[in-house]
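The values are calculated or read from the model by the stated rules, or taken from the named source; none is laboratory data. Just so it is clear, the model here is predicted, and its values are computed rather than measured. FYI the Cβ positions are ideal-geometry reconstructions off the backbone, even for glycines, and counts take in every protein chain you see. Ligands, DNA and RNA are stripped out before the accessible areas are found, and what is left, the full protein with its side chains, is counted by its heavy atoms. Shrake-Rupley method; radii C 1.70, N 1.55, O 1.52, S 1.80 Å.
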Amino acid sequence: HSEENINDLYYDAMELLGGSKKDAKRAEKLFTRALAMDEHNVQTHIGFAHVYGILRDKKKAAEHIQRAYEETLKKFPKWPRRMTWGDMDNRAYMRALQYRADLYADAGEKEKAIELYKLLLRLNPNDNQGVRYTLSGVYAGINGEEINKMFDEGNEKQNWGKLHNLVKQQNSKHKFWKEPKY
């Protein structure tokens, strides 16, 4: 029953995000309650990472990403063959890997970032997270912020050609992604 409670707190808190800093503070309180129930809950640490992203506290965000990553490694001493995005339980683990990789990329630790991004693409070849774009950026020497700008521009124009070309170009050199066959 407490598991359901933690999930409720998570979703209630996440609904507050995207609002004001005051809402982010309210979300932080909900995550704090969830953490008191289970300090090993990966999803809760991911929630905190979002809160501290909004509150511009990079240090605290990074600490929670690291905790989420460590808890994910404990949960999976050996990686499964597949980890699908459609299974809601997997999402926190997949985000933990992605955000940890993002931190490595931001810190200039390209090899460590690449290793985690490639792991995500192996676990989830459909790449619901858009890891292929970030990984292409790492290979091309383009930071995550720039990739996000390209996404926003694509959404605005409903044309993601720049991103698709980036993936195509980097993938032809580094062979990290197979286009799913539908």
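List of remarks:
- Any hit, segment 88-106, residues being at pLDDT below 95 and more than 30 Å from Ser172 (Cβ to Cβ): yes
- Every condition in (1) under 22 Å from Asn128 (Cα atoms); (2) in a loop (DSSP other than H, G, I, E, B); (3) not basic (Lys, Arg) holds for Leu73 except the one numbered (2).
- Inter-residue pairs, beta-carbon under 8 Å, first touching a residue at least 40 places away in the same chain (Cβ under 8 Å) and in segment 138-154, second open to solvent by 40 Å² or more (accessible area, probe 1.4 Å) and not hydroxyl-bearing (Ser, Thr, Tyr), 6+ apart: Gly144/Asp102; Gly144/Asp106
- Residue match in segment 112-134 (condition: at pLDDT below 95 and of a type in the set (A, V, I, L, M)): no
- Filter result for Lys78 (part of a helix (DSSP H, G or I), at pLDDT 95 or above and open to solvent by 40 Å² or more (accessible area, probe 1.4 Å)): no
- Index of the failed condition, Tyr69 passing every other in (1) hydroxyl-bearing (Ser, Thr, Tyr); (2) open to solvent by 50 Å² or more (accessible area, probe 1.4 Å); (3) within 17 Å of the chain's Cα centre (by Cα): (2)
- Positions within segment 18-56 being surrounded by fewer than 16 Cβ atoms within 10 Å (Cβ to Cβ), under 19 Å from the mean Cα position of the chain (by Cα) and under 22 Å from Asn90 (Cα atoms), in sequence order: His40
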